[in-house]
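The values are calculated or read from the model by the stated rules, or taken from the named source; none is laboratory data. Predicted model only: the values in this text are computed from it and were never measured. Cβ placement follows ideal geometry from the backbone for every residue including glycine, while neighbour counts extend to all protein chains displayed.
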Amino acid sequence: MKRTRPPVAAAALLGLALFTTACGITVESQPRSVSARIPDALQPDASTTTLPSPNLEQVEIFLARSNGDRMQLAKVTRDIDPDGTVNTILAQVLAGPNLEEQEEEYVSPFIEGSTIIGTILNGTLLEIHLDSLDGFPQDDSTSNRLAYAMLVCTATELIIGAEIQLVKILVDREGDLIPVNIPVSDGDATEEGAPVYCANYASFDPRYREIEPD
């Protein structure tokens, strides 16, 4: 996997201007957006996507579902009112399953309490800025790792039009953005503030589940 340059200091990012819609995502030495945009040319063609309304767009996110004795990531489709950024897609992850999805036994470890306040795309590294971690399970548990897996893997695997490979999460602390030490389920423990891959949550992904011998 490619390595990306670390983003600039969080305090500097807050003062930078937003991209216009026409600019899309621009890869530069200095990230300039607090709402990472999806290039119009890379968004799904309306002729190949069935939409229930001309004002809505279908996107995919990860929730979770029980598979025997373990929880696994499971894709669901949502109809959203798009604004051309990844923020509205990732916000669907924090919202958890709707009533229909609950009836189909989709679940989420998230509770109300965390809001995405910004995103910055620097090459293939996406920064996600949260107002708090209150919506995440507050313990060193499988549920806590599953919550991060849903957010990270939705960003890297399911957002069309943005080539995201790594995710870094920062949380607002009295006006400063502080990098989070993201817990992982697979691979080495991350260093303070280091980005993670979806592969760091392979045990939640049915594609990587080991075939048990007969």
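Quick one: ILE178 ticks every box in (1) of a type in the set (Val, Ile, Thr); (2) under 19 Å from PHE62 (Cβ atoms); (3) more than 14 Å from the chain's Cα centre (by Cα) except a single one, so which number is it?
Looking at each condition in turn, ILE178 falls short on (2).
When you look at SER132, is it of a type in the set (Ser, Thr, Tyr), more than 20 Å from PHE62 (Cα to Cα) and surrounded by fewer than 19 Cβ atoms within 10 Å (Cβ to Cβ), yes or no? Reasoning before the result, please.
Numbers: of a type in the set (Ser, Thr, Tyr): yes; more than 20 Å from PHE62 (Cα to Cα): yes; surrounded by fewer than 19 Cβ atoms within 10 Å (Cβ to Cβ): yes.
The answer is yes for SER132.
Condition first: in a strand (DSSP E or B) and either under 18 Å from the mean Cα position of the chain (by Cα) or farther than 19 Å from VAL152 by Cα (or both). Now tell me which residues in region 71-105 satisfy that.
From region 71-105, those in a strand (DSSP E or B) are 71-80, 85; that's our starting set.
Passing the criteria: GLN72, LEU73, ALA74, LYS75, VAL76, THR77, ARG78, ASP79, ILE80, THR85.
Based on what the data block shows, is THR49 touching a strand residue (DSSP E or B) at 6+ places or on another chain (Cβ under 7 Å), more than 18 Å from CYS198 (Cα to Cα), modelled with pLDDT under 95 and of a type in the set (Val, Ile, Thr)?
Details: touching a strand residue (DSSP E or B) at 6+ places or on another chain (Cβ under 7 Å): yes; more than 18 Å from CYS198 (Cα to Cα): yes; modelled with pLDDT under 95: yes; of a type in the set (Val, Ile, Thr): yes.
Against the criterion (touching a strand residue (DSSP E or B) at 6+ places or on another chain (Cβ under 7 Å), more than 18 Å from CYS198 (Cα to Cα), modelled with pLDDT under 95 and of a type in the set (Val, Ile, Thr)), THR49 qualifies.
Which numbered condition in (1) of a type outside the set (Val, Ile, Thr); (2) over 14 Å from the mean Cα position of the chain (by Cα); (3) surrounded by fewer than 16 Cβ atoms within 10 Å (Cβ to Cβ) is the only one that ASN144 fails?
Checking ASN144 against (1) of a type outside the set (Val, Ile, Thr); (2) over 14 Å from the mean Cα position of the chain (by Cα); (3) surrounded by fewer than 16 Cβ atoms within 10 Å (Cβ to Cβ), the one that fails is (3).
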